[in-house]
Amino acid sequence: MTTRPTVESAIHETLFIGGRWVKPDSDLTIEVVSPFTEEVVAKVPSGSRADIDRAVLAARTAFDQGDWAHAPLGERVDVLRRLSDLYAKNRDALAQLGTMQMGTPISLTESLQSALPRMILDSFTRLAQQYPWTEHRRSTNGQALVRRAPVGVVGAIVPWNAPQMVMMFKLVPALLAGCTVVLKPAPETPLDAYFLAEMLQEAGLPDGVVNVVPADREASESLVTHAGVDKITFTGSTAAGQRIGALCGQDLRRVSLELGGKSAAIILDDADLDTVMDAVKRGSFTNAGQACNAKTRILVSRDRQEEFANRFGAAADAIVLGDPMDRATEMGPLVTSRQRERVEGYIAQGHQEGARLVAGGRRPDTQQRGWFVEPTVFADVDPDARIAQDEIFGPVVAIIPYDDERQAVEIANNSAFGLSGSIFTSDPERALKIATRIRTGTVEINGCPPGNDAPMGGFKRSGIGRELGVEGIDSYVEYQSIGLPESLAL
């Protein structure tokens, strides 16, 4: 098992299919470029349609002919507990690998790439042992055994911004349900999927139960439409999710979509800005704003906007940018030059729309390399402006003034998205009442997260379905009702 990623250890020439490392169908490769050095640090095969076919066949065979789907739950739990132990053993290596390919500061990847994935894994294995896999139901006209059966072969497509964590959202409940999986990592961050495959081998996962194939968009689409796949689970942009949803709809293929967000943080007048500031900064700028649940709309009363904008702008200016391997660094570069250009386009749009720049807005003078953008804050933003409506996926925050609580709720709900949100106040009971009026899948009161046992997902264009909690397991089962004769009463 690799203990520290290096350029040499990140060169891969094979794909993980059927429990073996196999040569790809073609010589095409994906180059992994460091967002900090702008240099190629790794290469992996770019899987073809033929490779996807092989991976789906391996998963199909493992599901239809193997023992995994019918094994006692305890056997599946044992494999995942061994995987949990390997996460603890390889925490440093996973963090360093994530920082190398994503540019996320090492202090954050230690959480995103190892600690949080392990917590999610452990949460699911605990919940699975309480989950109602079978139920006996009696009614006036019959009795039934209701089974929650595995949905089958799952195609799991994960994003680049927190890949190891999102893999656990999908792989663990699917495996606990008895499904088999074809995992398609993002081209920007395929390396930790290879590392995960090695850990799964070491944990004793049967051959073919999980297969890993990095691929471009065309080959990825063949996974979405493959006749051997029973369900697709995707995390990524809303545009890509719309395409995947349409393709799955043609074949009535099961699909879960965790998509974009434009989350609002409502700061009520009774909130203490001293205690609010750090939580709002983390919620807005963590991972350089490259998070679907980032709080990129800050709603402040018109009377307090100037005070908040000045303080929040100063907090943004104080964020330390630099080498993501340096523990002093608070924010690293964006993941690609393309992503930086997109963010810079939105900053220009903010100026054109008449928003007032409070902080940032440029490439930092202190960084001569790397795809950096300064933490950027606009104030006096119109609720309908593009920077207040579009998911930018970068360190750009819009401060929007409101006149009263009713208008604050109205502005928070004025979005095509509905993934997350937060309310800051000294009166939690008041916040709870407001939270029930916010049309999002998650609402945090005073920065308190709901935890791994609560479902995560979105309203509106933020997706379909839920991950985490028992609802996360629900996504990978089909209900089967077996009518029982009285002689077989349970």
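Please treat every number below as a calculation from the coordinates, not as lab data. Source: prediction; values computed, not measured. Positions of Cβ are backbone-derived with ideal geometry, glycine not excepted, and every protein chain shown enters the neighbour counts.
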Neighbour-count order for Met167, Met199, fewest beta carbons within 10 angstrom listed first: Met199, Met167
Rh (Kirkwood; distinct C-alpha pairs) - the range 278-325, Å: 11.9 Å
Unit charges at the beta carbon, dipole of the range 122-252: most positive-side option, Leu247, Ala156, Leu145: Leu145
Dipole axis of the chain (+1 Lys, Arg; -1 Asp, Glu on Cβ), positive-most option in Ala359, Phe36, Ile464: Ile464
Sequence of Arg217, Arg430 once ranked by neighbouring C-beta atoms within 10 Å, starting from the fewest: Arg217, Arg430
Principal axis box of the range 116-264, alpha-carbon based, largest edge first, Å: 56, 40, 38
Set of lysines near Lys262 by C-alpha distance (under 30 Å), chain-local residues within fewer than 8 positions excluded: Lys170, Lys184, Lys231, Lys281, Lys295, Lys433, Lys460
Burial ordering of Tyr194, Tyr479, fewest other beta-carbon atoms within 10 Å first: Tyr479, Tyr194
Fraction of beta bridges assigned by DSSP in the chain that are antiparallel (%, nearest 5): 45 percent
Nearest 10 degrees, 0 to 90: helix 191-203 Cα axis against the chain principal axis: 40 degrees
Percent of beta bridges antiparallel (DSSP, the range 263-452, rounded to nearest 5): 15 percent
Mean shadow area of the range 263-452 over all directions, Cα convex hull, nm²: 10.5 nm²
Nearest-20 debye value, the chain charge dipole, Cβ charges on Lys, Arg, Asp, Glu: 980 debye
Charge dipole magnitude, Cβ of K and R +1, D and E -1 - the range 263-452, Cα centre, debye nearest 20: 660 debye
Top positive-direction residue, dipole computed over the chain with Cβ charges, set Ala318, Asn413, Ala388: Asn413
Under 11 Å, Cβ to Cβ, from Glu202 - net charge with Lys/Arg +1 and Asp/Glu -1: 0
